[in-house]
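So the structure is just underneath, and the comments pick up after that.
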Amino acid sequence: MPRHAIRCALLGLGDPAAPASMPGFASVRRVAAGGSRLLRDARFALASLRTAVGVPRAECDLIQVRDMVSIGLLVMLVARLRGIPFVYWMSFLMCEGRVQRARAQLAAGGGLRSRLILAKGLVEQVLLYRVVLRGASHVCVQSDAMKDYVAARAIPAARISAVPMGVDTELLDQQQGAARRLPADQGVPLIAYLGTLDHMRRLDLVIDALALVRQRHPAARLLLVGGSPDQADTDKLLAHAAALGLADAVHITGWMPGEQAWQLLRGADAAISYIPRGVMYDYSSPTKLLEYLALGIPSVGNDSPDQLHVLGRSEAGWLSGNTAPELAGVGVLAGVAIAGGWWMLRMWHTFG
């Protein structure tokens, strides 16, 4: 944005003591994310309200809110009163995701908390599509598929722009570092994954794939670069690996700075981007596959719409066959072959 003389002031959750300087932003303000969720949300709502009310009208061309329905409603009302254009950015189907997660928890025996989360998701879904998006000057979404999804809910298509996620190739070039492997990964076939390990991502299927890879290449290992806001998610993945006899073949790094994660990715023989099919992710624009390709890593992705487009048009990786996370009988068969000094991963699915 600075190249186009656009100044952007950012307000978000985070550590207020972290360095304030961030490339591309005129200013950065962080609201402390600690304490109870209710207290955190109240602090951020108050900070958002103060920002929307206090920003000089002559210096502000628009106010944008990302993926926060309640904050979006509050800021939209203030922006309208002040005559400032309001833009809502949907990077993910948050309401649908909250509803789906709550229903899954209830099906597994969840109690009052799950019911409250479900109620919140359903209420925010109504507010989002009937109030916030209809009242916004413009709506930014992550993909053409998401644009169609939103337009089908009575939002004029002319006020929706699809802005797919991307990677900063200049930043990747500036931070080129040597490929690195953890001690346990030296000298063995290594498959890597970068991103959140939230249980809705169904990464247990990637661990199942590793079990099949090791039938042909017993030394193969899986490196999961990332973490989850819920420690139980990573614990379940490690327990699943242990149940398959893979406790020593799967490693989770936890969250780490981007440059360190990229070094570990460069050290892998292949990278995998598994995106569960369904309403939560079919309309998304995942970046992990783009990062793999930008780093020059042999990559495989399943056929989510965005990955199908990227791999189909670039011919720079391998597509797996059809996937359906809701089918309990999904089996992932992966084979690893050496070619040109690299390990290349090809993956396809069988349904049982």
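Computed from the coordinates by the stated procedures, all read-outs in this text should not be read as laboratory data. All figures in this text were calculated on a predicted structure; none of them were measured in a lab. Here the Cβ positions follow ideal geometry from the backbone for every residue, glycine too, while neighbour counts run over all protein chains shown.
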What's the local net charge at Ile160, with K and R +1, D and E -1, over the other residues with C-beta under 13 Å away?
+2
Nearest 10 degrees is fine. How inclined is helix 305-314 to the longest principal axis of the chain, computing both from alpha carbons?
60 degrees
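Test of understanding: ordering Met256, Met94, Met280, Met146 by Cβ neighbours within 10 Å, fewest first, what list do you get?
Met256, Met94, Met280, Met146
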Dipole magnitude of the chain about its Cα centre, charges +1 at Lys/Arg Cβ and -1 at Asp/Glu Cβ only, in debye to the nearest 20?
1140 debye
Local net charge near Leu203, Cβ-Cβ under 11 Å (Lys/Arg +1, Asp/Glu -1)
-1
If you rank Ile272, Ile252 by fewest surrounding Cβ atoms within 10 Å, what's the result?
Ile252, Ile272
When the chain is modelled as a GNM with alpha-carbon springs shorter than 10 Å, which of Val206, Val250, Val123 fluctuates the most?
Val123
Put in order of increasing Cβ neighbours within 10 Å, starting from the fewest, Leu308, Leu81 give Leu81, Leu308
Please report the equivalent ellipsoid semi-axes of the chain, computed as sqrt(5 x eigenvalue) of the Cα gyration tensor, largest first, in whole Å.
37, 24, 20
To check my understanding: the extent here is largest minus smallest coordinate of the Cα atoms along each principal axis. What are those three numbers for the range 96-227, in Å, largest first?
57, 46, 23
Residue by residue through the range 66-74, what is 3J(HN,Hα) from phi via Karplus (6.51 cos²θ - 1.76 cosθ + 1.60, θ = phi - 60°)? Round to whole Hz and write x for glycine and proline.
10, 6, 10, 5, 5, 5, x, 4, 4
Candidates Gly83, Gly254, Gly35: whichever shows maximal mean-square fluctuation once the chain is modelled as a Gaussian network with Cα springs under 10 Å
Gly35
Tell me the net charge near Tyr292. Cut-off is 13 Å between Cβ atoms, Tyr292 excluded, with +1 for each Lys or Arg and -1 for each Asp or Glu.
0
On a 0 to 90 degree scale, rounded to 10, what angle separates helix 204-216 from the longest Cα axis of the chain?
20 degrees
Computed [θ] at 222 nm, helices only, for the chain once each DSSP H run of length n ≥ 4 contributes -39500 (n - 2.57):
-11000 deg cm²/dmol
The long-range amide H neighbours of Ala162, using H built 1.01 Å from N in the peptide plane and a cut-off of under 5 Å, are Val141
Most to least packed among 295-303, 129-137 [average Cβ atoms within 10 Å]:
295-303, 129-137
Which shape class, rounded, prolate or oblate, goes with the range 169-253 when its Cα gyration tensor gives a ≥ b ≥ c as root eigenvalues, a/c under 1.5 marks rounded, and past that a/b bigger than b/c marks prolate?
oblate
Relative contact order %, the chain, counting alpha carbon pairs below 8 Å whose residues are six or more apart:
12 percent
What order do you get for 152-161, 2-11, 232-241 when each peptide is scored by the mean count of other beta carbon atoms within 10 Å, highest first?
232-241, 152-161, 2-11
Among DSSP beta bridges whose residues both lie in the chain, state the antiparallel percentage, nearest 5.
25 percent
